[in-house]
Amino acid sequence: MLITKILRSRSQRQGYAIYIDEALAFDVSEDVLRKFGLHTGQRIDEKTVELIASAEAFERAKRIALNFLSYRPRSAKEIVNKLLSKGYSTALAKKVTDHLAGLKLLNDLEFARMFVRDKLRGKPMGKSMMRRKLLEKGITPQTIERVLREYISDQDEQEAATKLLERKLKRSKERFEKLEPTRQHKRLVDYLLRRGFSTDVAVKTVRMLYATS
């Protein structure tokens with residue numbers, strides 16, 4: 001097979017259309033063009049075409065991943081899921097995440113740290129909810145526990161629960177005042193439990209809040 005023509009691609013920005021034996025065969029990115037040294041008059045076989053296709057699939061998947069990362073940091077699992085949704089194989093998605101990790105563009109430990117910091121600055125939640133959300137992002141249990149130890153002490157969690165209840169009561173003061181004290185306590189405890197706080201922290205926080213009110 002002979003490469004008879006190489007033109008700028010109409011379907012791919014900064015890409016090239018490769019013609020073999022006068023017929024359009026495939027499009028490639030500039031990186032793949034250079035990697036294989038493709039040029040007019042070059043003879044290639046089926047095996048080389050397969051290698052080119054594999055390299056081009058990797059480059060396209062990598063561009064999707066980098067664009068996805070440009071909006072905000074992502075976990076490796078988020079990148080894999082994005083590529084799977086675009087029709088790429090699990091093996092190729094894993095190859096891309098490994099490549100990005102090697103370039104230090106992807107780091108689940110740093111992602112988990114950022115995630116926890118952002119959540120702590122926003123609407124507080126307990127360790128249980130934090131664990132669940134990080135697990136959903138594909139972060140390993142070992143990494144999760146390490147980050148939680150770094151950022152959330154028992155005192156921090158207690159203060160976060162107190163802050164959350166104070167906000168809750170401020171927004172719903174009139175409604176809560178109409179309830180019996182036992183029902184007030186139960187609703188507040190249940191609220192903290194839904195936000196991922198342990199039973200001990202929830203009960204203790206509600207008691208402390210009412211003791212000082």
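The values are calculated or read from the model by the stated rules, or taken from the named source; none is laboratory data. Small disclaimer: the values here were computed from a predicted structure and weren't measured. When we count neighbours, we look across all protein chains shown, and the Cβ atoms used for this are built from the backbone with ideal geometry, even at glycine.
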Within region 102-142, considering residues that are of a type in the set (Val, Ile, Thr) and surrounded by 17 or more Cβ atoms within 10 Å (Cβ to Cβ), the one nearest to residue 167 (Cα to Cα): 116
Subset of region 1-23 (residues that are out of contact with any Leu (no Cβ under 7 Å at 6 or more places or on another chain) and acidic (Asp, Glu)): 22
Selection count where residues are surrounded by 17 or more Cβ atoms within 10 Å (Cβ to Cβ) and either among the β-branched types (Val, Ile, Thr) or part of a loop (DSSP other than H, G, I, E, B) (or both), scope region 7-31: 4
Test: residue in region 15-38 that is out of contact with any helix residue (DSSP H, G or I) (no Cβ under 7 Å at 6 or more places or on another chain) and among the polar types (S, T, N, Q): no
Test: residue 79 is in contact with a Ser or Thr (Cβ under 8 Å, 6 or more places away or on another chain), surrounded by 14 or more Cβ atoms within 10 Å (Cβ to Cβ) and either modelled with pLDDT under 95 or outside the structural domain of residue 165 (by TED's automatic domain parsing) (or both): yes
Test result for residue 119, part of a helix (DSSP H, G or I), out of contact with any strand residue (DSSP E or B) (no Cβ under 8 Å at 6 or more places or on another chain) and farther than 28 Å from residue 77 by Cβ: no
Search result, residues across region 89-101 that are crowded, with 21+ Cβ neighbours inside 10 Å and either touching a Gly at 6+ places or on another chain (Cβ under 8 Å) or more than 20 Å from residue 142 (Cβ to Cβ) (or both): 93, 96
